[in-house]
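Enquirer: The structure's right below; bear with me while I get my questions together.
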Amino acid sequence: MNPRITALGMSSPLGGVVQACAAFRAGISRVAPSRDLVCRAEGESDPQPLPVLEASGVTFGLRGVGRLVALLGEAFQDLAPAGDLPRLAELPVFLAVPDPMSRGIPVEQELWRDVPGKASALGTRVLEQVFENLGLWRGRQPWHFFGGGHAAFASAVAAAHRGLRQRDFPACLVAAVDSLVIPEVLEAMMGEGWLKTPDNPVGFIPGEAAVVTLLTAPRSGEGSAPLALLRGVMLGHEPRAEASDAPPLGHALTQCLLAALEGAEAPRDKWVLVSDHDGEQRRAMELGGLQLSLRGQGVGQGGLSVWLPATGFGNTGAASGAVGLCVAVRGIQRNHAPAPVMAVLSASDGPERAALIVSAPSAPRT
């Protein structure tokens, strides 16, 4: 049973899901200097602009929880007309959020080492405020929250997928939100040498985004066709990611993808990989190792394309997998994808790895 991707909503530096994915496809970027921070190249006295990708028309300089609320609220409004939102708000929600401490959001001391607890505390604050701002009642169904960096959205999808397959509910919302352009966060990341600057060309450009996805179980006699099908999801663990001197070589990500392919019964000859690679050297080595491993396994012999959403959206953290899903689904819808089945890959800074398989509604099986 393949859940149906029925609707998508997005908030990003490039706009809502339709215009943002069209802009990404056209190679349009809205990289601009940070309004809050500059950088200085070694040996240079004059400050240099720090490139960022902000959804400034949505966030209006907000920080912390307020910024995440603004992004997610805009994504809900992009998902469906206002008249449909009260009905959708009654569905179960699976929300991926960043580690609040890494985004300068304070949490109770007892939660400092509790990843699920931190995700639940932040997610509840964000979602309650979003629903209040939109004039919605809290849904009758439960809310579920997921942390874990770039792979957080895939974890949320896996839980939603499991619930749909077990017929716990007929439909649900799977969402993600994150922002890396909060001034305090930018300053900390620049201090760690993670950002792209004149002195560090292999850093990343920070971005921000929120995505809301409506997943439904297939039903007999369904009228309208879905946007795409969710064919499979697989989570994995990369031990090398825990050792700073041993860059990951793509083995765990390869196993995730192959396991997801097997479960989805998807063709293996022609593929599009939607990767969260953002310009960092470690991520580049992992993506390169993945492609070599896939070639050795006979995957993608008919063509292996790689799409990099970070070129248009920047590094969107916990929302990166959701942004990748939007890019994949719109590519399928608009017939831009050179293959009917696509893989969305996520590699957290920690050991978490994930692969999502999506396809056109009529894509063939093996």
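Enquirer: Which GluC sites (Glu not before Pro) from region 9-69 combine a DSSP loop assignment with at most 14 other Cβ atoms within 10 Å? Intermediate values should be presented prior to the final figure.
Expert: On the way: sites: E42, E44, E54; in loops: E42, E44, E54.
Passing sites in region 9-69 are E42, E44.
Enquirer: For region 272-329, what does the relative contact order come out to in percent, with C-alpha contacts under 8 Å and a separation of six or more? Before the final figure, lay out each step's value.
Expert: Details: 43 pairs, mean separation 30.0, N = 58.
Here the relative contact order equals 52 percent.
Enquirer: For region 258-351, what does the alpha-carbon gyration tensor say about shape, rounded, prolate or oblate, given a ≥ b ≥ c as the root eigenvalues, a/c under 1.5 as rounded, and a/b over b/c as prolate?
Expert: In terms of gyration-tensor shape, oblate.
Enquirer: Name the residues whose placed amide hydrogens come within less than 5 Å of the amide hydrogen of V306, ignoring near sequence neighbours (fewer than 5 apart) on the same chain.
Expert: L273
Enquirer: Tell me, what is the per residue accessible area of the chain in Å², probe radius 1.4 Å? Each step should come with its number before you reach the end.
Expert: Working: 15540 Å² over 366 residues.
Using a 1.4 Å probe on heavy atoms only, each residue of the chain averages 42 Å².
Enquirer: In addition: In terms of the Cα gyration tensor, with a ≥ b ≥ c the square roots of its eigenvalues, is region 70-147 rounded because a/c is under 1.5, prolate because a/b exceeds b/c, or oblate?
Expert: Working: a/c = 2.62, a/b = 2.00, b/c = 1.31.
Here region 70-147 falls in the prolate category.
Enquirer: Does region 1-145 come out rounded, prolate or oblate, given a ≥ b ≥ c as the square roots of the eigenvalues of its C-alpha gyration tensor, rounded meaning a/c under 1.5 and, failing that, prolate meaning a/b above b/c? Walk me through the numbers on the way to the answer.
Expert: Working: a/c = 2.24, a/b = 1.35, b/c = 1.65.
Oblate, because a/c is 1.5 or more while a/b does not exceed b/c.
Enquirer: Follow-up question, since we're still on this one. For Cα pairs less than 8 Å apart in space and 6+ apart in sequence, what is the mean separation divided by the residue count of region 72-183, i.e. the relative contact order in percent? Numbers along the way, then the final one.
Expert: Values: 151 pairs, mean separation 45.5, N = 112.
About 41 percent, as a whole number.
Enquirer: Counting helices only, and only those DSSP H runs with n ≥ 4, report the 222 nm mean residue ellipticity of the chain as the sum of -39,500 (n - 2.57) divided by its residues, in deg cm²/dmol to the nearest 500. Display every interim value, and only then the final one.
Expert: Numbers: 11 runs with 123 residues, N = 366.
The per-residue figure over the chain is -10000 deg cm²/dmol.
Enquirer: Still on this structure, I have one more. Given A264, M234, I105, which one lies farthest toward the positive end of the charge dipole of the chain, if we put +1 on the Cβ of every Lys and Arg and -1 on the Cβ of every Asp and Glu?
Expert: Farthest towards the positive pole: A264.
Enquirer: Could you sort the peptides 57-65, 118-126, 279-287 by per-residue average Cβ neighbour count (10 Å cutoff), highest mean leading?
Expert: Details: 57-65: 15.6, 118-126: 21.7, 279-287: 18.6.
Taking the mean over residues of other Cβ atoms within 10 Å, the ranking is 118-126, 279-287, 57-65.
Enquirer: Please give the charge dipole size of the chain, origin at the Cα centre, charges +1 on K and R Cβ atoms and -1 on D and E Cβ atoms. Round to the nearest 20 debye.
Expert: Details: 30 positive and 35 negative charges, 294 e Å.
Its charge dipole is roughly 1420 debye.
Enquirer: Could you look at region 1-100 and say what percent of its accessible area is carbon and sulfur, using a 1.4 Å probe and all protein chains? Each step should come with its number before you reach the end.
Expert: Working: 2200 of 4370 Å².
Within region 1-100, the accessible surface is 50 percent carbon and sulfur.
Enquirer: How many percent of the accessible area of region 108-266 is carbon or sulfur, using a 1.4 Å probe?
Expert: Exposed carbon and sulfur together represent 51 percent of the surface.
Enquirer: Moving to a separate point now. Can you send over the carbon and sulfur percentage of the accessible area for region 271-366, probe radius 1.4 Å, protein chains only?
Expert: Numbers: 1500 of 3110 Å².
It is 48 percent, rounded to a whole number.
Enquirer: Further, regarding this structure: Once whole DSSP H runs in the chain are found, which of them have Cα atoms spread over 15 Å or more along the helix axis and a mean Kyte-Doolittle score of at least 1.0? Before the final figure, lay out the partial values.
Expert: Details: long enough: 64-79 (23 Å, 0.86); 115-133 (27 Å, 0.02); 152-165 (20 Å, 0.59); 251-264 (20 Å, 0.97); 281-296 (23 Å, -0.44); 320-333 (20 Å, 1.21).
Result, helices passing both filters: 320-333.
Enquirer: Evaluate Rg over Rh across region 108-187, taking Cα atoms for both radii and Kirkwood's formula for Rh. Walk me through the numbers before you get to the answer.
Expert: Details: Rg = 14.5 Å, Rh = 14.4 Å.
Ratio of gyration radius to Kirkwood radius: 1.00.
Enquirer: State the antiparallel share, in %, of DSSP beta bridges confined to the chain, rounding to the nearest 5.
Expert: Values: 38 of 56 bridges.
Expressed as a percentage, antiparallel bridges in the chain total about 70.
Enquirer: For Rg and Dmax of the Cα atoms in Å, the listed values are [x] 22.4, 71; [y] 19.4, 68; [z] 20.1, 65; which was obtained by calculation from the structure presented?
Expert: Only one option fits the structure, namely [y].
Enquirer: Now a separate question. Suppose a student asked you for the relative contact order of the chain, using Cα pairs under 8 Å spaced at least 6 residues apart; what percent would you report?
Expert: Working: 849 pairs, mean separation 85.3, N = 366.
Answer for the chain is 23 percent.
The values are calculated or read from the model by the stated rules, or taken from the named source; none is laboratory data. The structure presented is a predicted model; accordingly, all values stated were derived computationally and were not measured. Counting neighbours? That spans all protein chains shown, and the Cβs are built from the backbone with ideal geometry, glycine included. Note: accessible area is taken over every heavy atom of the protein model, side chains too, but ligands, DNA and RNA are not part of it. Shrake-Rupley method; radii C 1.70, N 1.55, O 1.52, S 1.80 Å.
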